[in-house]
C-alpha cells in the first residue's frame, strides 16, 4: 500500500504540469484586434460629440434665455423689494437686454430711484450666434415686464406684437432655435429647420 500514494502523487503532478503547459495567453493578433476595436469606438464617440456640440449649445442658449426671461417676469409680478449687490430693487420693471453685436444679453432691473441697473451679463457660447432679433433696434432688443404689461424696446406690446430671438449654430446653420415672447409675456421655444 505505501507504494500507491507516491504513484498517485506522481500522476497528479504530471496532470498539473500538463495543465500548466496547455495554458495560453492572448496572441499578439488578438490583442491588436481588440485595440483596433477600442480605437474605432473612441473615434465614433468623439465624432458624435463634435457633431452634437453645436446643437446642445443652441439648446442651452435658448433655454437659458427663456429661463432668465421667466425669472424677470416673476420678479416683476412679485412687487417685492430685495437687495442685490448693494442696490435696492422693487418688484416692477425687470427685463433682459439682448445685444446681437456683442452676442450676449444682460439681466436688467430698475432700482428704487428709477435708474436701470445691469444686474448680470450672460455670455452666449462661442459656437452659437444670436442670429436675428425682432423687433430689432440697431442690433439690440430690450424686453421688460411691468406687473401686467410686456414691453419691447420701451414700447408697450400690443395684442399682435411678439418678440423673437433666433439662436444659430455657427458650425451648422441648420441648427436654429427661436425664443418667442408674446404681448402677454408667454415665453415659448420653437425648433426651426432650414
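Of note:
- Label-point separation, residue 49 to residue 116 (7 Å along Cα→Cβ), nm: 4.1
- Shape descriptor for the stretch 32-192: Rg over Rh equals 1.14 (Cα atoms; Rh from the Kirkwood inverse mean 1/r).
- Gyration tensor analysis over the Cα atoms of the stretch 145-194 returns equivalent ellipsoid semi-axes of 27, 10, 8 Å (largest first, whole Å).
- Projected label distance in nm at residue 39 and residue 148, using a 7 Å step from Cα toward the beta-carbon: 7.1
- The stretch between residue 28 and residue 78 holds 10.9 nm of extra length on full extension. This uses 0.36 nm per residue minus the Cα-Cα distance.
FYI, it's all coordinate maths here, none of it is from the lab. Since the structure is predicted, the reported quantities are computational estimates derived from the model, not experimental observations. Note that we place each Cβ from the backbone using ideal geometry, even for glycine, and neighbour counts take in every protein chain shown.
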